[in-house]
1. Only one residue in Ile188, Ile218, Ile181 is crowded, with 16+ Cβ neighbours inside 10 Å and more than 27 Å from Leu374 (Cα to Cα), so which one is that?
2. Take the residues in the stretch 1-55 that are assigned to a helix (DSSP H, G or I) and either over 30 Å from Leu236 (Cβ atoms) or of a type in the set (Phe, Trp, Tyr) (or both), then tell me which one is modelled with the highest pLDDT.
3. If you scan the stretch 324-339, which residues turn out to be crowded, with 20+ Cβ neighbours inside 10 Å and not in a loop (DSSP other than H, G, I, E, B)?
4. Which residues, taken from the stretch 138-194, are within 30 Å of Ile61 (Cα to Cα) and outside any loop (DSSP other than H, G, I, E, B)?
5. With the structure loaded, tell me whether Ala283 is part of a loop (DSSP other than H, G, I, E, B), surrounded by fewer than 18 Cβ atoms within 10 Å (Cβ to Cβ) and at pLDDT below 85 or whether it fails that test.
6. Scan the stretch 288-305 and report the pairs whose first residue is over 24 Å from Glu371 (Cβ atoms) and whose second residue is of a type in the set (Val, Ile, Thr) and modelled with pLDDT under 80, with Cβ atoms within less than 6 Å and a gap of 6+ or a chain change.
7. Identify, please: which residue in the stretch 56-76 is outside any loop (DSSP other than H, G, I, E, B) and crowded, with 18+ Cβ neighbours inside 10 Å and is, among those, nearest to the chain's Cα centre (by Cα)?
Amino acid sequence: MLRLAPALLLLGLAVAMPLAGASAQERARQRSPAPATARLSFIGLADKAQVPAKLTVRFAITGMEVVPAGQAARNGGHHHLLIDTELPPLDQPIPSDFNHIHFGGGQTEAEIALTPGKHTLQLLFADHNHVPHDPPVMSERITVEVPAAAPEKPRSAAAPGARVFFIDLQDGATIPSHARIRFGAEGITVTPAGTASPNGGHHHLLVDTELPALDREIPSDFNHLHFGRGQTEAELSLPPGEHTLQLLMGDHEHVPHDPPVMSARIRIRVVADGQPVVAAQPAPHAHGAGAARTPSPNDAAVYFVYPRDGDRIYPTSTIRFGLRNMGVAPAGVAKPNTGHHHLLVDAGPPSFDAPIPADLNHIHLGGGQTEYKLTLPNGRHTLQLLLADENHLPHDPPVISERITVIVAPGGPNARRRR
């Protein structure tokens, strides 16, 4: 199934509305002439290419001029992108749907999202009435393939204490179907996608979905909304009912930071426009010192599966965690007797009545991970595990492991201590 970036989808639907009302006389209009020398092609995209799930497609036209839809011009027209479909009838307006994308504003590029697998792409030029020219001006039909698994990408570091949050929207709030959602950020700079900046990134809004993989690009679909221009608010339209919202910061390549900068996952109730809207009371586990701590079973225990106290490890090693008598749930997900791991590196236990800091010594595994690839300099280091609830607050009583010591050596476990 094809998925389009939200902005592109809105564009396609906007164009679809005037087309839906086209009369039979309009569909039968005479085709505009085109020069025989006109050529249409993709820029930098070859047949049988492997492409990411989300890519920018660019169009090139020679011998003709790009003009917006509705504007009649000699040797002029606008682009249409055909995805996984054959050519439409050439004597009628091109359909407007998920397989026939219109660029009636005169655009010469588009960001699209494709599902894993093979897809076909073709460009078709059309006149002011969306009717192909005579002769038709079209590119070759190419095939591209999206790999089944997105490649792992390096993650950008986030500053200690960086956080994102909703402004004027609490867990349990009631909002109308059409509402403006505002995002806040502290300790991190909001920068557009594609702009690499130390401790910078842009917002992503997760709607009715769990956290995505944190070492890969955040998907772009109806459940993962990107704000790559650096927007700090959005007009959101949701059907009446219960929904969840969560903010997740991504770097210039849409990859979450390390540690991830994300809000708590909140629950909202959406009512039809015009119905009463109820403001939510502050959540019982609000961030900040003195917040109520979540109870944990007295026999709960967290421990290291690897390494053990005194082990020699490689400079880059995968640290694995174990948990007894409790479950693992992502940050922002409130469930009894659950929490998510935090790895303390060369640091003592933090305060138990405040959210655990997020920095290089306090590593949050808010996606529910039970292992972490850690890189340390050679020498002696301490490691400790601390479980926390959906708001990164340690439980009562705290679920904390023993503090172990490891020795990092270039040769790893087989290295011998020099005498």
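The values are calculated or read from the model by the stated rules, or taken from the named source; none is laboratory data. In this text the structure is predicted, and so the values were computed from the model without any measurement. Note: ideal-geometry Cβ built from the backbone for every residue, glycine included; neighbour counts use all protein chains shown. These area figures cover heavy atoms from the full protein model, side chains too; ligands, DNA and RNA do not enter into them. Shrake-Rupley method; radii C 1.70, N 1.55, O 1.52, S 1.80 Å.
1. It is Ile181.
2. Here is the first cut: in the stretch 1-55, the ones assigned to a helix (DSSP H, G or I) are 6-20, 24-27.
From what is left, the residues that are either over 30 Å from Leu236 (Cβ atoms) or of a type in the set (Phe, Trp, Tyr) (or both) are 24-27.
Values: Ala24: 43, Gln25: 42, Glu26: 45, Arg27: 48.
This residue is Arg27.
3. Thr338, Gly339 - these are the residues of the stretch 324-339 that are crowded, with 20+ Cβ neighbours inside 10 Å and not in a loop (DSSP other than H, G, I, E, B).
4. Met138, Ile142, Thr143, Val144, Glu145, Val146, listed by residue number.
5. For Ala283, the condition - part of a loop (DSSP other than H, G, I, E, B), surrounded by fewer than 18 Cβ atoms within 10 Å (Cβ to Cβ) and at pLDDT below 85 - is not met.
6. Close Cβ pairs (under 6 Å, with a partner that is of a type in the set (Val, Ile, Thr) and modelled with pLDDT under 80) do not exist here.
7. Val57
For every residue, the table says whether it meets (1) more than 17 Å from His80 (Cβ to Cβ); (2) in contact with a helix residue (DSSP H, G or I) (Cβ under 7 Å, 6 or more places away or on another chain); (3) without any contact (Cβ under 8 Å) to a residue 60 or more places away in the chain.
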position	(1), (2), (3)
Gln122	no, no, yes
Val131	no, no, no
Phe165	yes, no, no
Arg180	yes, no, yes
